[in-house]
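Have a look at the structure below before the remarks.
The values are calculated or read from the model by the stated rules, or taken from the named source; none is laboratory data. Just so we're clear, the structure is a prediction, and the values are computed from it rather than from any experiment. Here the Cβ positions follow ideal geometry from the backbone for every residue, glycine too, while neighbour counts run over all protein chains shown.
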Amino acid sequence: MPLEDLPEPYLDRGMFFADGVYEVLRSYEGKLFALDPHMQRFSQSLAAIDIQGIDVEEVRRRVIDAYAQSGIAEAKVYFHATRGRSARNMTDTPGLKPSFFMTITELEDCSQEKDQGISVWGHPDWRWKKCHIKSLNLLANVLARRDAQRRGCSEAILFNEEEGLITEGSASSFFALLPGAGAGLTLRTSPLVANILPSVTRTYILRAANNVGLTVVENSLTCAEAAHAQELFIAMTTQDIVPVVRFEGTRIGDGRPGRLTQQLMREFRQFVG
């Protein structure tokens, strides 16, 4: 058929080149959570790859209106914008109109994972060097998660191959509770640099840690250090805090969600209410 007769999605630069950015937020008990930080990060991602013509305030209104129509109390809101539609060509076509897509779906019940904890496995970080941009290009993340699932694990914990330092999970931030300079434990996580996504959930966890009196150390750790931590957990928008009870087959603590992790989970819920 003539190229111009193809349905529009077949000519989208998001499909050809992953030339777009996305955002995910959630609701708790019928209320959208942290909408402002998510919209700010979406705006920053658009600017970082120079997608123009998206009215972020209009996107905000669409999110609010669509969520209200959905009637879903515990929902995942996903949306993305691409540079637009054209014949496959890496160079820009003048006058492209950006494409926008959104879905609202019910979140799966993750209470078992929260109550019992999950297993994770390390995987080399094959992603590109600008992971602070929430790009549609998630192939490296997908491959890492598939490898973890083949090993019977729920998440892949990525580490750079040069130094062996953990960056983050394939779809999560990663945290460890380790002995500090004093008698207590410190909360350790990777610093926000270009190979780390500025997680909205991470921001709230650091606030929760401060509220319960934990010292936070933003310093990357190795897989060996993680495997010998007193407590581990991951964090993501759709599930907030999820305890980790096994790292590459090594039991963490007594093999159950740790006391401080559970305290942080309770403190996090204060932000939701």
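Observations, loosely collected:
- Selection within region 222-243 - surrounded by fewer than 21 Cβ atoms within 10 Å (Cβ to Cβ) and either free of Cβ contacts under 8 Å to residues at least 24 places away in the same chain or under 15 Å from Leu165 (Cβ atoms) (or both): Thr222, Cys223, Ala224, Glu225, Ala227, His228
- Residue in region 34-43 that is surrounded by fewer than 16 Cβ atoms within 10 Å (Cβ to Cβ) and either among the hydrophobic types (A, V, I, L, M, F, W, C) or without any contact (Cβ under 8 Å) to a residue 24 or more places away in the chain (or both) present: yes
- Count of region 78-106 residues which are in contact with a helix residue (DSSP H, G or I) (Cβ under 6 Å, 6 or more places away or on another chain) and of a type in the set (Val, Ile, Thr): 2
- Across region 244-273, the qualifying residues are those that are under 18 Å from Gly180 (Cβ atoms), hydrophobic (A, V, I, L, M, F, W, C) and touching an Asp or Glu at 6+ places or on another chain (Cβ under 7 Å), and the one among them that is surrounded by the fewest Cβ atoms within 10 Å (Cβ to Cβ) is Leu260.
- Filter result for Asn137 (of a type in the set (S, T, N, Q) and assigned by TED's automatic domain parsing to the domain that holds Phe233): yes
- The one condition in (1) within 21 Å of His38 (Cα to Cα); (2) assigned to a strand (DSSP E or B); (3) of a type in the set (Gly, Ala, Ser) that Ala176 fails to fulfil: (1)
- The number of residues in region 156-171 that are surrounded by 18 or more Cβ atoms within 10 Å (Cβ to Cβ) and closer than 26 Å to Asp19 by Cα comes to 9.
Yes/no per residue for (1) in a helix (DSSP H, G or I); (2) in contact (Cβ under 8 Å) with a residue 40 or more places away in the chain:
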{"residue": "Asn89", "(1), (2)": "no, no"}
{"residue": "Thr103", "(1), (2)": "no, no"}
{"residue": "Glu108", "(1), (2)": "no, no"}
{"residue": "Lys114", "(1), (2)": "yes, yes"}
{"residue": "Lys130", "(1), (2)": "no, yes"}
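- Any hit, region 86-100, residues being assigned by TED's automatic domain parsing to the domain that holds Arg251, farther than 25 Å from Met39 by Cα and touching a Leu at 6+ places or on another chain (Cβ under 7 Å): no
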